[in-house]
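A short reminder: the numbers here are calculations on the coordinates, not readings from a lab. Please read all numbers here as calculations on a predicted model, not as lab measurements. Neighbour counts run over all protein chains shown; Cβ positions are idealised from the backbone, glycine included.
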Amino acid sequence: MFGCLVAGRLVQTDAQQVAEGKFVFNLPDYESVNHVVVFMLGTTPFPVGAGGSVYFSYPDKCGMPVWQLLGFITNEKPSAIFKISRLKTEEGSQHPFGMMNIAQTQSVAQIGISVEPMELLTQQTPEASAAVSTVDSFTQFTQKMLDNFYNFSTSFALTQDRMTPNPTEMFIPASIVMKWDCNHPYKLKGFQNSCG
């Protein structure tokens, strides 16, 4: 019913059913995993009115599993990408896997999927750092580049009374940069409130 994908690895479709409506995938060498994709195979849908909570579990110092809610998948949203690289803390959340005796070693983490009613899924709060940014990398690069430009150029800012006239040097008033920023889709952090 489910698949799991880690970049650079083969797709996993061998989820173990550990209880009624509870499935787990093993993630060996989880320390090197940044993102994981969980998806439905399309062979069996969720029952009407149900979906799947997706959890990440890794062993703590004592070898006990620490479970954290990543999010959920449904028939309408059959796949999701989760960032797990920042989740490796000692704090877990409530989870439906209880104290099940699921085999887990120090270098193996697990992805758990729990089939639950939709009204229960919508009340859950996933770990905030598990959400993958919806902004594409080009947009992020552009925003960071423009912020860097702003920080660099304003570090040379002078008032007119402190300027030394130099006929070979060209000056660009900050008001021109602000005017450009107000008409451009990528906003500079320093000018966010300058557009009227």
Next item on the list: Can you pull the one-decimal nm distance between simple spin-label points at Ser107 and Met163, each 7 Å off the Cα toward Cβ?
Entry: 6.4
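By the scheme Lys and Arg +1, Asp and Glu -1, what is the net charge of all other residues having a beta-carbon under 15 Å from that of Gly71?
Working: positive: Lys77, Lys83, Arg86; negative: Glu76, Glu116, Glu127.
Once positives and negatives cancel, what remains is 0.
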Next item on the list: Mind sorting Glu31, Glu127, Glu20 by how few other Cβ atoms lie within 10 Å of their own Cβ, fewest first?
Entry: Glu20, Glu31, Glu127
Next item on the list: Report the FRET efficiency, 1/(1 + (r/R0)^6), for Ser85 and Asp60, where r is their Cβ-Cβ distance and R0 is 25 Å, rounded to 0.05.
Entry: 0.90
Next item on the list: Please find the FRET efficiency linking Arg9 to Met145, where r is the Cβ-Cβ separation and R0 is fixed at 35 Å, and quote it to the nearest 0.05.
Entry: 0.60
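Hey, fewest Cβ within 10 Å first, where do Leu120, Leu27 land in order? Please report the intermediate quantities before stating the final value.
Numbers: Leu120 14, Leu27 23.
Going from least to most buried by this count: Leu120, Leu27.
Going by how many other beta carbons lie within 10 Å of each one, how would you line up Met170, Met64, fewest first? Numbers along the way, then the final one.
On the way: Met170 6, Met64 11.
So the residues, fewest neighbours to most, are Met170, Met64.
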Next item on the list: Determine ³J(HN,Hα), in whole Hz, for all residues of region 28-44 in sequence, where each value follows from phi through the Karplus function 6.51 cos²θ - 1.76 cosθ + 1.60 and θ = phi - 60°; x replaces Gly and Pro.
Entry: x, 6, 5, 4, 8, 8, 9, 10, 9, 10, 10, 8, 8, 6, x, 8, 9
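Give, in nm to one decimal, the length gained when the segment between Leu120 and Phe156 is fully stretched (0.36 nm per residue of separation minus the Cα-Cα distance). Show your work: numbers first, answer last.
Working: separation 36, 0.36 × 36 = 12.96 nm, distance 5.53 nm.
Contour length minus the Cα-Cα distance gives 7.4 nm.
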